[in-house]
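Only one structure is covered here, and it is reproduced in the block below.
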């Protein structure tokens, strides 16, 4: 017996999204799909419903859950987020207090690169979000203004459930709530956001060389970041 993951065999031929008064249901050969908790698998808009149907339609002979990111997010929003939404908001908002864009190298070439790349985003946060953050050098933490942290939390709390899942993922992968909001609100493209988030890592790799395993981990994180950005776009109805 192999030690691999046993995947269920494909049991459907057609996957499609059907509009209902309450949203878009996923149908597999005309039968309603359900979440792990047996709730109706229902997307809030057409873009998400069709994305789920496309994921299921693209499956091979066996079901690969890793290739169902939109479906997994919708499952999470239905089965788990009603009970955990406030905790997820708090977790994402907490990044504002130690935002990666405000945590700087003290001097040298990298400090100059960070200032040029990240200062415009902090200026954007101050203007667009009402959340000015003060850059901090070195390892000692510095408390940010409570008004700024409250404004960042309000920005997180204002989004829909599926947008919250996407925003939380963008934040945790980048280490920056400001950067995640900039991608979500169109200030940055997802690719730009990832490049700015990895500024320090890329600078280090260019000077000290690239490790194959570290590069593979970085590639997986980048893919997850881009999937989260796509989920935000779909959740926004685009």
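The values are calculated or read from the model by the stated rules, or taken from the named source; none is laboratory data. Here the structure is a predicted model, which is why all the values come from computation and not from measurement. Backbone-built Cβ (ideal geometry, glycine too); neighbour counts: all protein chains shown.
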Residue match in the range 130-146 (condition: in a helix (DSSP H, G or I) and either without any contact (Cβ under 8 Å) to a residue 12 or more places away in the chain or surrounded by 15 or more Cβ atoms within 10 Å (Cβ to Cβ) (or both)): yes
Pairs where the first residue, in the range 202-219, is on the phi < 0 side of the Ramachandran plot and the second is surrounded by 10 or more Cβ atoms within 10 Å (Cβ to Cβ) and not in a helix (DSSP H, G or I), C-beta under 8 Å, 6+ apart: 218/198
Residue within the range 132-142 that is modelled with pLDDT of 95 or more, under 23 Å from the mean Cα position of the chain (by Cα) and assigned by TED's automatic domain parsing to the domain that holds residue 88 present: yes
Which numbered condition residue 63 misses (of (1) touching a residue at least 24 places away in the same chain (Cβ under 8 Å); (2) surrounded by 14 or more Cβ atoms within 10 Å (Cβ to Cβ); (3) under 30 Å from residue 204 (Cβ atoms)): (3)
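Of all residues in the range 204-215, count the ones that are surrounded by 10 or more Cβ atoms within 10 Å (Cβ to Cβ) and either in a helix (DSSP H, G or I) or within 25 Å of the chain's Cα centre (by Cα) (or both).
Going through the range 204-215, the residues surrounded by 10 or more Cβ atoms within 10 Å (Cβ to Cβ) turn out to be 204-205, 210-211, 214-215.
From what is left, the residues that are either in a helix (DSSP H, G or I) or within 25 Å of the chain's Cα centre (by Cα) (or both) are 204-205, 214-215.
So the count comes out to 4.
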Candidates 166, 150 - the one that is surrounded by fewer than 19 Cβ atoms within 10 Å (Cβ to Cβ) and closer than 18 Å to residue 88 by Cα: 150
Selected residue [in the same structural domain as residue 89 (by TED's automatic domain parsing) and modelled with pLDDT under 95] from 193, 209, 175, 186: 209
The range 66-89, residues that are within 22 Å of residue 176 (Cβ to Cβ) and surrounded by 13 or more Cβ atoms within 10 Å (Cβ to Cβ): 69, 73, 85, 88, 89
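Give the residues of the range 91-106 that are surrounded by fewer than 19 Cβ atoms within 10 Å (Cβ to Cβ) and touching a residue at least 24 places away in the same chain (Cβ under 8 Å), sorted by residue number.
Those that are surrounded by fewer than 19 Cβ atoms within 10 Å (Cβ to Cβ) and touching a residue at least 24 places away in the same chain (Cβ under 8 Å): 91, 97, 98, 104, 105, 106.
What helices (runs of 4 or more DSSP H) completely inside the range 39-100 contain at least 2 residues that are in contact with a helix residue (DSSP H, G or I) (Cβ under 7 Å, 6 or more places away or on another chain), under 23 Å from residue 13 (Cβ atoms) and modelled with pLDDT of 95 or more? Working first, answer last.
Working: elements: 46-57, 69-79, 81-94.
So the answer is 46-57, 69-79.
Taking the range 26-38 only, how many residues are assigned to a strand (DSSP E or B) and in contact with a strand residue (DSSP E or B) (Cβ under 9 Å, 6 or more places away or on another chain)? Please lay out each step first, then the result.
Initial filter on the range 26-38 (assigned to a strand (DSSP E or B)): 26-28, 31-32, 34.
Applying the additional criterion that residues be in contact with a strand residue (DSSP E or B) (Cβ under 9 Å, 6 or more places away or on another chain) yields 26-28, 32, 34.
Total satisfying the criteria: 5.
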